[in-house]
Every structure is written in C-alpha cells, then in structure tokens.
1. Count, please, the residues in segment 244-271 that happen to be in a helix (DSSP H, G or I) and closer than 20 Å to residue 336 by Cβ.
2. Working only within segment 72-81, note down all residues that are farther than 16 Å from residue 249 by Cα and either more than 16 Å from the chain's Cα centre (by Cα) or not in a loop (DSSP other than H, G, I, E, B) (or both).
3. Quick one: residue 96 ticks every box in (1) part of a loop (DSSP other than H, G, I, E, B); (2) closer than 25 Å to residue 321 by Cα; (3) touching a helix residue (DSSP H, G or I) at 6+ places or on another chain (Cβ under 8 Å) except a single one, so which number is it?
4. Which members of segment 131-162 meet the condition of being in a loop (DSSP other than H, G, I, E, B) and within 17 Å of residue 58 (Cβ to Cβ)?
5. Can you find a residue in segment 213-222 that is out of contact with any Phe, Trp or Tyr (no Cβ under 9 Å at 6 or more places or on another chain) and more than 26 Å from residue 179 (Cα to Cα)?
6. Restricting to segment 272-316, give me the number of residues that are exposed (fewer than 15 other Cβ atoms within 10 Å of the Cβ), in contact (Cβ under 8 Å) with a residue 12 or more places away in the chain and part of a helix (DSSP H, G or I).
7. Yes or no: segment 43-54 includes at least one residue that is touching an Asp or Glu at 6+ places or on another chain (Cβ under 9 Å), assigned to a loop (DSSP other than H, G, I, E, B) and closer than 23 Å to residue 308 by Cβ.
8. Counting only residues that are touching a strand residue (DSSP E or B) at 6+ places or on another chain (Cβ under 8 Å) and in a loop (DSSP other than H, G, I, E, B), which one in segment 82-93 is farthest from residue 297 (Cα to Cα)?
Amino acid sequence: MDAIGPSVLDLPPARRTVVVLVDGMGEQLVRRRAGHAPFLRSGLGTAYRLECGYPSTTATSMGSFGTGLPPGAHGLVGYEMLVPGEDRIFNALSWQDGPDARRWQPGDTAFELAEREGIAVTRIGPGYFDGSGLTTAALRGGSFVAAQALSARVDAAVTALRRSPRALIYLYWGDLDKVGHVHGVDSWEWTAELERVDAALAELVSRVPADTSVLVTADHGMVDVPFERRVDLAAEPDLLVGVRHVGGEPRAVQLYTQPGAAADVAAAWWARLGSDARVVCRADLIAEGMFGPVREEVLPRIGDVLVNAVAEVAVVDSARMRPELLRLVGLHGSVTPAETSIPLFVWPARIA
C-alpha cells in the first residue's frame with residue numbers, strides 16, 4: 001500500500017466508475033483485520049494509503065470527498081460547529097436547525113462538475129440522505145437512489161451503470177462506522193461487519209461492466225477509548241471557565257471562548273490533559289496548514305482553542321450529551337494515524 005501526498009493519484013482510465021465509501025474503514029483497521037477480508041486483502045498491494053482532512057470526522061471528510069477542497073475552503077470544519085453571527089452550535093450530521101447548506105458550502109461539487117461533462121451521476125444511500133443538509137452541502141448533483149440493505153445498494157449500482165455508457169456511481173455504506181461506535185473496533189461485531197462489506201465488494205466488482213473501474217475508500221478510521229479515560233466536563237467546571245461554547249467531538253474538541261480568554265482556556269486544558277492531548281490556539285493550527293487555506297467566512301466557524309487527543313482519552317459532557325452518545329466505545333476526530341489514515345483500493349476497468 002503506497003502512501004501518497006495530495007493530488008498525486010494516478011488512476012487508470014475508465015468510461016464508468018463506481019466509488020464506494022465505507023464509513024469508518026480506516027487503513028490500519030483493514031490491515032489489522034485483513035484475515036477476515038480476503039477480497040480487500042487481495043487489493044492491498046496496489047492500494048493507496050491516504051490521509052483524511054482535519055478533523056478526522058465524517059462531515060469534514062464528506063466535504064473534502066465531495067468538493068476536492070480542504071476543510072478551510074469547503075467550510076465543514078467539524079462535527080459540531082459555530083454558526084457565526086448567531087452564536088450557536090449546530091450538528092453537521094443531523095443539520096437540525098442548521099444554516100442554508102448551499103450558502104454554507106457554495107462551491108461546485110465533483111458530482112455537479114461531472115454532470116456538466118455529460119456524465120450520468122447516481123448517488124446511492126439511505127433515503128433520509130436525499131436532500132439532507134450535509135448531502136446538499138457536500139454531495140449534491142446527479143440523481144439519488146434510495147436503498148437500505150447493502151445488497152440492494154450493490155444492485156442499484158449495477159443497474160445505474162447499465163443505463164449509461166458514461167457513468168459515475170457513488171455508493172455509501174455506514175454500518176461499519178455504527179458498529180465501531182457502539183461495540184468498538186476490537187469487537188467481534190466489527191469484524192463480522194467487515195466480512196459482510198468484503199463479500200459485497202467482491203460481488204460488486206464481479207458484476208460491473210468490463211469498462212468500469214471500482215474505487216473503495218473511507219472517511220476516517222477509529223480507536224476504542226476506555227470509559228475510565230473519559231474527561232467529563234460536567235464534573236470539571238474549571239475547564240469551562242472562559243468558554244462560550246463547546247463544539248467538535250470527544251477526541252477533537254473545539255472551544256469557542258469569551259473575548260480575550262483563549263490563552264487562559266488553553267492553559268487550563270493543557271494543565272488538565274498534559275501529554276494526553278495537543279492543545280493549540282486556532283491561529284497556530286491554521287498556520288500549520290491543518291485546515292488548508294481558510295476562507296474569511298470560514299475562520300470564525302473554527303474554535304478559538306482546539307484540543308486533539310493523542311492518547312486513549314476523550315472529552316464528554318454528561319450534562320449535555322445524550323446517554324447513547326456517552327456509551328459509544330469507538331471514537332475518532334483527532335490526529336492519530338489510526339484515525340486519519342484511510343485506504344483507497346482500485347480495481348481497474350478490464351477494458352479502457
């Protein structure tokens with residue numbers, strides 16, 4: 001598996017392509033469980049190892065996947081983000097009470113650009129994705145086919161391919177991520193789900209027309225965090241002094257501070273977490289290029305202080321978070337290789 005930098009993909013030509021995104025299928029996880037995924041294992045030798053954007057979370061990665069832009073340009077800079085001018089947090093996955101998605105991310109998506117080139121674009125996923133805020137922001141363009149079971153999505157992809165001589169099919173599968181969150185990536189449940197994904201991918205590749213390439217990637221990896229290693233803000237009010245809002249997620253916290261309080265807030269969090277996390281102010285992280293070039297209107301969406309877990313630790317808030325979220329075993333969002341490293345498998349077309 002080759003590690004590459006940005007914009008260095010050398011993909012073989014194809015008249016039709018299926019791109020499968022398996023949520024939560026980190027590169028390190030695939031390697032660790034390769035014995036349970038014979039089809040994916042067969043592709044490891046020619047696969048790429050990529051790094052997802054920061055933070056390593058679905059909303060941000062979908063923005064980069066759908067637009068080809070870094071987070072600072074597409075503006076989906078976290079799981080929970082500040083709406084500038086309204087001084088409130090919204091969840092980018094649910095998009096409940098969120099801003100206008102097209103204004104939040106006004107750039108063309110890859111699907112819109114493909115359509116303009118006369119390519120038939122079909123997006124396949126659960127029905128509730130169609131027209132959702134995140135889909136509209138990051139993945140708009142083409143037609144949408146709702147399918148629930150993984151086998152039904154494979155069928156839908158093959159059907160869509162056969163309708164057009166030039167086609168781009170996007171197929172999303174999210175259950176591996178769900179199982180990882182609920183049971184952990186070291187669980188037998190996660191391994192069983194990977195086996196099911198592996199078998200479905202093998203079937204898909206065997207059924208596509210000969211001029212079709214199949215690409216398989218992910219949006220992030222995942223790590224298991226012991227419950228005794230959770231910092232609960234409800235029990236540590238000193239960490240909230242000077243903080244207006246807490247955004248981000250448990251392993252990639254974004255703190256929106258009171259005016260002039262960022263340095264003190266950063267110091268308090270560093271004193272509490274020490275070497276378990278990297279605590280950094282927004283300007284420093286932007287200067288490091290973690291978000292790529294940042295548009296002016298995106299800047300205030302990013303927390304004033306960012307806390308990235310580098311050990312098996314997470315930050316929760318039992319006073320604010322739903323019980324089912326507090327019970328999640330597998331987490332992601334931070335900068336460790338287990339969370340940021342993702343694969344790109346390529347099964348080229350059999351005829352160009």
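The values are calculated or read from the model by the stated rules, or taken from the named source; none is laboratory data. Only a predicted model underlies this, so the values are computations on that prediction, with no experimental measurement involved. Note that each Cβ is placed from the backbone with ideal geometry, even for glycine, and that neighbours are counted across all protein chains shown.
1. Total satisfying the criteria: 2.
2. 72, 73, 74
3. Evaluating residue 96 over (1) part of a loop (DSSP other than H, G, I, E, B); (2) closer than 25 Å to residue 321 by Cα; (3) touching a helix residue (DSSP H, G or I) at 6+ places or on another chain (Cβ under 8 Å) leaves (3) as the failure.
4. Result: 132, 139, 140.
5. No, segment 213-222 has no match at all.
6. Here the count works out to 1.
7. yes
8. Taking the candidates together, the pick is 92.
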